[in-house]
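> Sending over a structure as structure tokens; questions will come in a sec.
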Amino acid sequence: MKILKTIVPAIILLLAVFSAKAQRIYYSEPDRDDLRQLKFEVMGKYGSNYLVYKSIRSRHFIAVYDAEMKQKDKIELDFIPDRAINVDVFSNPEHSMVIYQYQKKNVVYCMGVQIDGNGKKIGEPLELDTTQLSIFSDNKIYSTIMSDDKQKLMVFKMKNRQRDDFSIQTVLLSHNLMPLRKSSFNYHLENSREAIADFYLDNDGNFLFSHVTRPASRDYINEAKLVVLPVYADSIKSFKLTLDKVLLDELRIKVDNLNGRYILTSLYSKSKRGNIDGLFTAIINKDLTGTDIEKTIEFDDEFRALAKGDNSAKLAFNDYFLKHLVVKKDGGLLITGENTYGNSRGGGFNRWDNPWMWGNSFYPGNYWGWNPYNNWGWGGYGGWNSPYGFNNSQQTRYYADNIMVISLDKDANMQWNNVIAKAQFDDNTDNMISYQLMNSGAELLFLYNEWSRRSPLLNAQSLDPNGRVNKEPPLKSLDKGYEFMIRFGKQVSAREMIVPCLYRNSFSFARIEF
């Protein structure tokens, strides 16, 4: 009896733990609209509603779902003109915002409207900015970025007056689309080897971007600086990096808003078009004064052995691209990168022609560059993602393999590193491969598809704060026939994610409870 009294509470505890870890998945009814014309963006959760923006041909909608993913409403955004140039969708905890552009005669209008938790507009669309076009000008003009705290937006445009001189104009907006400040400044680039990229808006409203120089168009970066337009200034400030004996791959910006610092990081090589040797990180105070931190971490043999996949240890990181940068509360940084490459009948992609790196708007991280040979520099920032990827060649196989994870302390010293092991490929499309992060606070979940009998099944591995990786049990409620496009998923609460799915050539959304 004593033993029974001891065992029963233990079983109850185990069942409680199991229930806490179990997942539930709810699917929306498949939508049979033309997939090749469909664009979408998961907007978020508002009360008991889940909002998704959809665009099919020239029509724009917001679908409203309940907790079981039953569609409650579908509101057409009939105020968006038929031939809208671009539509971006942004969300904060209070409401969503739709920023759209259209041309009427020779004028491009940039408009914005707030959307409430029921998918309906709040007030009338607001005119944010206009631009008069000259003959033969590209009408894709405006880009929009949002601060990390979701309280500010910036609409900006860039025009080259001459081959090496640019005029950049910015409109800073509050979270309810009220104008806070308009600014303009001129910027000079010497030639096509120089570019500006990775535009960022910090929580104070400061506008940031990187200015990089490559000896040739697809060489590593040998010179770089951070450029900042302070929120209440019309002149820019810049900070040049030393780059002592290192050549950078793609320079990424992340803001540590809590501690008032700008973080720049990149994979690096010691030689021109050489192998990837390690990680470069620079940390700069927001006022751009004082001594910055510039550190390089060379990847050791143990890390290379974990990360190499089918490559040799020497070539282990040559197909990795940085993807997520997560600032920790103590000022440290968590960095993820994924091994992505492809091949076609004409040969394999490498680091210098990988379509996931050069000129692709959503992979690995919205990294676009502008140079003096563009007319209107349009950065490709779009609120939606297309379910049909960037290349529908019938002779291409796409791969997305291991994920590296690196944790740095507040001074850019290595704390630990690890590898999430996976191997994915698909033919003619990249929709089902790659991964998405789910941040529960206590751990990170890496969600990705594994193939079973030619069908992708959603799997997960967890990462704790000390860098330990655990393979999680397969997700429950994985109904046969639903294929998760997990890299397009969006976390909408502490333990919920909305993920688009394909189901028998139809489109659906799933809500996953963790």
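> Hey, any hits in the range 186-196 for a residue that's of a type in the set (D, E, K, R), part of a strand (DSSP E or B) and either more than 11 Å from M154 (Cβ to Cβ) or not assigned by TED's automatic domain parsing to the domain that holds V227 (or both)?
yes
> Right, next: Could you please find all residues in the range 316-341 being under 22 Å from D430 (Cβ atoms), of a type outside the set (A, V, I, L, M, F, W, C) and out of contact with any helix residue (DSSP H, G or I) (no Cβ under 8 Å at 6 or more places or on another chain)?
If the condition is that a residue be under 22 Å from D430 (Cβ atoms), of a type outside the set (A, V, I, L, M, F, W, C) and out of contact with any helix residue (DSSP H, G or I) (no Cβ under 8 Å at 6 or more places or on another chain), then N318, D319, K323, H324, T336, G337, E338, T340, Y341 are the ones that fit.
> Just give me the residues in the range 235-264 being crowded, with 18+ Cβ neighbours inside 10 Å and farther than 19 Å from E194 by Cα, in sequence order.
Matches in the range 235-264: K254, V255, D256, R261, Y262, I263.
> Residue by residue through the range 397-424, note down the ones that are modelled with pLDDT under 95, crowded, with 20+ Cβ neighbours inside 10 Å and farther than 18 Å from N459 by Cα.
The one that is modelled with pLDDT under 95, crowded, with 20+ Cβ neighbours inside 10 Å and farther than 18 Å from N459 by Cα: Y398.
> Moving to a separate point now. Hey, could you check the range 147-173 for residues that are assigned to a strand (DSSP E or B) and among the charged types (D, E, K, R) and say which is modelled with the highest pLDDT?
That would be K152.
> Return the residues of the range 425-480 that are modelled with pLDDT under 90 and on the phi > 0 side of the Ramachandran plot; say none if nothing qualifies.
Selection gives N428, G441, R453, R454, S477.
> Still on this structure, please answer the following. Counting only residues that are part of a strand (DSSP E or B), hydroxyl-bearing (S, T, Y) and out of contact with any Gly (no Cβ under 8 Å at 6 or more places or on another chain), how many does the range 264-293 have?
Residues in the range 264-293 being part of a strand (DSSP E or B), hydroxyl-bearing (S, T, Y) and out of contact with any Gly (no Cβ under 8 Å at 6 or more places or on another chain): 4 in total.
> State whether the residues of the range 217-239 include one that is of a type outside the set (V, I, T) and free of Cβ contacts under 8 Å to residues at least 24 places away in the same chain.
Yes: the range 217-239 contains one or more residues that are of a type outside the set (V, I, T) and free of Cβ contacts under 8 Å to residues at least 24 places away in the same chain.
> If you don't mind, another one. Provide a single number: the residues in the range 155-193 that are of a type in the set (A, V, I, L, M) and surrounded by fewer than 17 Cβ atoms within 10 Å (Cβ to Cβ).
Qualifying residue count, the range 155-193: 2.
> Would you mind telling me which numbered condition in (1) out of contact with any Asp or Glu (no Cβ under 6 Å at 6 or more places or on another chain); (2) under 23 Å from I85 (Cα atoms); (3) buried (at least 21 other Cβ atoms within 10 Å of the Cβ) G205 fails?
(2)
> Is there a residue being small (G, A, S) and buried (at least 16 other Cβ atoms within 10 Å of the Cβ) anywhere in the range 464-481?
No: zero hits.
> Exactly one of these conditions fails for I99: (1) hydrophobic (A, V, I, L, M, F, W, C); (2) over 20 Å from L153 (Cα atoms); (3) buried (at least 19 other Cβ atoms within 10 Å of the Cβ). Give me its number.
The single condition I99 does not satisfy is (2).
> So D88 clears everything in (1) part of a loop (DSSP other than H, G, I, E, B); (2) crowded, with 21+ Cβ neighbours inside 10 Å; (3) among the charged types (D, E, K, R) except one condition, right? Which one?
Going through (1) part of a loop (DSSP other than H, G, I, E, B); (2) crowded, with 21+ Cβ neighbours inside 10 Å; (3) among the charged types (D, E, K, R) one by one, D88 breaks only (1).
> Looking only at the range 49-66, filter to residues that are under 26 Å from the mean Cα position of the chain (by Cα) and in a loop (DSSP other than H, G, I, E, B); which one of those is modelled with the lowest pLDDT?
R57
> From (1) at pLDDT below 95; (2) within 28 Å of E472 (Cα to Cα); (3) in a strand (DSSP E or B), pick out the condition that doesn't hold for G44.
(1)
> If I filter the range 107-130 down to residues being small (G, A, S) and within 15 Å of M178 (Cα to Cα), which single residue comes out as surrounded by the fewest Cβ atoms within 10 Å (Cβ to Cβ)?
G123
> Could you grab me the full set of residues in the range 208-234 that are aromatic (F, W, Y), crowded, with 18+ Cβ neighbours inside 10 Å and part of a loop (DSSP other than H, G, I, E, B)?
Y220
> Now for a different question. If I filter the range 305-313 for residues that are modelled with pLDDT under 95 and touching a Ser or Thr at 6+ places or on another chain (Cβ under 6 Å), do I get at least one hit?
No - not one qualifying residue is present in the range 305-313.
The values are calculated or read from the model by the stated rules, or taken from the named source; none is laboratory data. This is a predicted model, so every value here is computed, not measured. Cβ coordinates were reconstructed from backbone atoms using ideal geometry, including for glycine residues, and neighbour counts include every protein chain displayed.
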